[in-house]
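Student: First, the structure itself, so that you have it in front of you.
The values are calculated or read from the model by the stated rules, or taken from the named source; none is laboratory data. Predicted model, so just to flag it, every value in this text is computed and none were measured. Ideal geometry is used to build each Cβ from the backbone, glycine not excepted, and the neighbour counts take in all protein chains shown. For accessibility, only protein heavy atoms count, side chains too; no ligands or nucleic acids. Shrake-Rupley method; radii C 1.70, N 1.55, O 1.52, S 1.80 Å.
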Amino acid sequence: MDELVIAGRAFTSRLIVGTGKYKNGEQTRLAIEASGSEIVTVAVRRVNLDRSKESLLDFIDPQRYFLLPNTAGCYSADEAVRAALLGREVGLSDWVKVEVIGDQKTLFPDVQATIEATRILVKEGFTVLPYTSDDVVVAKRLLDAGASAIMPLGAPIGSGLGIQNSASIRILREMITDVPLIVDAGVGTASDATVAMELGADAVLMNTAIANAEDPVLMAEAMHHAVIAGRSAYLAGRMPKKLYATASSPLEGVVR
């Protein structure tokens, strides 16, 4: 089986989904189920950690899904580290998706702070999956800091624009071989997810594309199939592109 392996842990699904922007907990549950995902991200700041009232965790079975806390909403390395430590302290996980935002309008990552937070959290015993730019130099710095995956944006968070710089993803695929490459942010529809996988991404992480669809549950199912199709196409190897036509049924050897 073609498994996704992160930090020695194997997963059969290559689609990772978030939990924000759904209209209620039940819709969240149904969409996650339809996606076929095994890894589900939850923002530490959005989880009611004392469980005194309804929480996202009421709709996500930790026996069925692998919870990946994230540091969404953090604008400094210190904030991200505190959020990760809090999530671990209350029993969420010692894995963390590190997000350190550098610009409020574009939500682009602060890569310097992301590298710093990654280095600190790895030393604290975390498995760190950082959200970052599509810059191969930054990716190498994150690997040096101990990151267990590289998660470049395909486009700005929540934009739905799809992969905006396919060349960068292809370069990252060639250069990043020791850990998974996971496209994070920017997917808008199923074809975007397929493109990301065809470019060689090991997985795709998404939230808004599913949650903001007119039918989130149906879109989650579409994303499930799109990721599988894209991975299969990448492994199969596409035909070369050519300027001129080639007959599907060659006439060489045909008796006239």
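Student: Can you name the condition, by its number, that Gln164 falls short on among (1) more than 18 Å from the chain's Cα centre (by Cα); (2) under 22 Å from Ile101 (Cα atoms)?
Tutor: (1)
Student: Just checking: which of the strands (runs of 3 or more DSSP E) contained wholly in region 1-104 hold 1 or more residues that are charged (D, E, K, R)?
Tutor: Details: elements: 4-6, 9-11, 15-17, 39-43, 66-70, 95-98.
In region 1-104, the matching strands (runs of 3 or more DSSP E) lie at 9-11, 95-98.
Student: List, please: which pairs have Cβ atoms under 8 Å, are six or more places apart or on different chains, and start with a residue in region 114-134 that is among the aromatic types (Phe, Trp, Tyr) and end with one that is open to solvent by 30 Å² or more (accessible area, probe 1.4 Å)?
Tutor: Cβ pairs passing all conditions: Phe126/Arg88; Phe126/Asp94.
Student: Given the criteria modelled with pLDDT of 95 or more, β-branched (Val, Ile, Thr) and within 18 Å of Asp184 (Cβ to Cβ), does Val81 qualify? Step through it out loud before you land on a result.
Tutor: Values: modelled with pLDDT of 95 or more: yes; β-branched (Val, Ile, Thr): yes; within 18 Å of Asp184 (Cβ to Cβ): no.
No; evaluated as a whole, the condition is false for this residue.
Student: Which of the following residues is closer than 26 Å to Ala190 by Cα, small (Gly, Ala, Ser) and surrounded by fewer than 16 Cβ atoms within 10 Å (Cβ to Cβ): Ala10, Ala43?
Tutor: On the way: Ala43 fails: surrounded by fewer than 16 Cβ atoms within 10 Å (Cβ to Cβ).
On inspection, the qualifying residue turns out to be Ala10.
Student: Something else now. Which numbered condition trips up Gly91, out of (1) buried (at least 17 other Cβ atoms within 10 Å of the Cβ); (2) at positive phi?
Tutor: (1)
Student: Follow-up question, since we're still on this one. Tell me which residues, restricted to region 94-120, are more than 13 Å from Pro130 (Cα to Cα) and either of a type in the set (A, V, I, L, M) or modelled with pLDDT of 95 or more (or both).
Tutor: The answer is Asp94, Gly102, Leu107.
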